[in-house]
Amino acid sequence: MGNIRVALLLLTLSICLFPQLSSAQLRRNYYSNICPDVESIVRNAVTEKFQQTFVTVPATLRLFFHDCFVEGCDASVIIASTANNTAEKDHLANLSLAGDGFDTVIKAKEAVDAVPQCTNKVSCADILAMATRDVVALAGGPSYAVELGRLDGLSSTANSVNGKLPPPTFNLNQLTAIFAANGLSQDDMISLSAAHTVGLSHCSRFANRIYNFDSQNPVDPTLNKTYASQLQALCPNNVNPSIAVNMDPITPRTFDNQYYKNLQQGMGLFTSDQSLFTDPQSRPTVDSWAQSSSAFEKAFITAITKLGRVGVKTGSNGNIRRDCATFN
């Protein structure tokens, strides 16, 4: 009996001290008995959206990252603002999120809920995680098993975004610190940065690197000179703010390790990109993944799986939204 009492005491202590171990466990095939075909339903909806516009890929990927880094992976970034609340999506850092990412999740949610067994049984947060996996594969990136079991968050405020998302001006140490705050390593950060191998950026996000960089250099000296000239041609001074350029000038529609090859050539679009190569701490990793696509893909799968575990809502901390853009 004494041993049983000790075991029960240890179990109670573990639950009190480490509640996240008992409540926040994601797992593969979470919906196998709830909505068995959920992954194929989401994949079909995402594929249909992808066939309409390639922007589906970078928009969904970026939406997942912006969601998880603010209040955890709980689809709070999808909530629309109301007269009484300015939501996350209307924070300055999120205004450039493309509408196609939101639309992808909303359409996939509609497809899931159209199946009677699945209606209101699958969270928007899980649908975003599945859609992210699917767009990576559709763009030629690696396939991976996605962990599920998140609930949707109950709060979304613009103020909660402050200081949570890395601006394009960050250096390596700043990037490493903001990822570490989310339980992600420097290698995780470097691999997730490869999301910039697809998608577009508005000229204003990097104009500081091609015009009036500092008193000695009009152009950032870490930028490839030919590439800098191309960027100036695409983004003249006082350019229309709606103009955007490919973040990867070589393979802009393929999720691959070209991102790292570009950094080796001084063709990282943002300061935060190029710093991964100019800083000697991270350069060996960039060189390794530029050489080996399989090593990069393995690291990316590890990192995006860890990203999907950030701040997961369970129990009374979340629910399953009927409409991804509004609280129940």
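In the range 183-197, what residues are surrounded by fewer than 18 Cβ atoms within 10 Å (Cβ to Cβ), at negative phi and assigned to a loop (DSSP other than H, G, I, E, B)?
S185
Search the range 140-167 for residues that are modelled with pLDDT of 95 or more and pair each with any residue that is open to solvent by less than 20 Å² (accessible area, probe 1.4 Å) and basic (K, R) when their beta-carbon atoms are under 9 Å apart and the residues are at least 6 apart or on different chains. Between residues of the range 140-167 that are modelled with pLDDT of 95 or more and residues that are open to solvent by less than 20 Å² (accessible area, probe 1.4 Å) and basic (K, R), the close pairs are S143/R133; Y144/R133; A145/R133; V146/R133; D152/R321.
In the range 164-179, the count of residues that are at positive phi, outside any helix (DSSP H, G or I) and under 27 Å from the mean Cα position of the chain (by Cα) is zero.
Under the condition of being in contact (Cβ under 8 Å) with a residue 40 or more places away in the chain and within 23 Å of F170 (Cβ to Cβ), the residues counted in the range 209-251 number 11.
For residues in the range 278-290 being of a type outside the set (D, E) and without any contact (Cβ under 8 Å) to a residue 40 or more places away in the chain, which is least open to solvent (accessible area, probe 1.4 Å)?
Within the range 278-290, the first condition is being of a type outside the set (D, E), and the residues that meet it are 278, 280-286, 288-290.
Next cut, without any contact (Cβ under 8 Å) to a residue 40 or more places away in the chain only: 280, 283-284, 288, 290.
Values: P280: 99, R283: 88, P284: 82, S288: 53, A290: 10 Å².
It comes out as A290.
Summed over the range 259-271, residues that are under 19 Å from the mean Cα position of the chain (by Cα) and more than 15 Å from I210 (Cα to Cα) total 2. Would you confirm whether any residue within the range 64-80 is under 19 Å from T53 (Cα atoms) and modelled with pLDDT of 95 or more? Checking the range 64-80: at least one residue is under 19 Å from T53 (Cα atoms) and modelled with pLDDT of 95 or more.
Would you mind finding the one in R62, R133 that is under 18 Å from L165 (Cβ atoms), of a type in the set (K, R) and either touching a residue at least 12 places away in the same chain (Cβ under 8 Å) or surrounded by fewer than 22 Cβ atoms within 10 Å (Cβ to Cβ) (or both)? Before you say what the answer is, go through the steps one by one.
Values: R133 fails: under 18 Å from L165 (Cβ atoms).
Only one candidate passes the filter, namely R62.
Within the range 198-239, the residues that satisfy the criterion of being open to solvent by less than 60 Å² (accessible area, probe 1.4 Å), under 17 Å from P252 (Cβ atoms) and small (G, A, S) are G199, S201.
The values are calculated or read from the model by the stated rules, or taken from the named source; none is laboratory data. Since this is a predicted model, take the numbers as computed values, not measurements. Positions of Cβ are backbone-derived with ideal geometry, glycine not excepted, and every protein chain shown enters the neighbour counts. The protein model used for the area step is the full one, side chains on, heavy atoms only, and it has no ligands, DNA or RNA in it. Shrake-Rupley method; radii C 1.70, N 1.55, O 1.52, S 1.80 Å.
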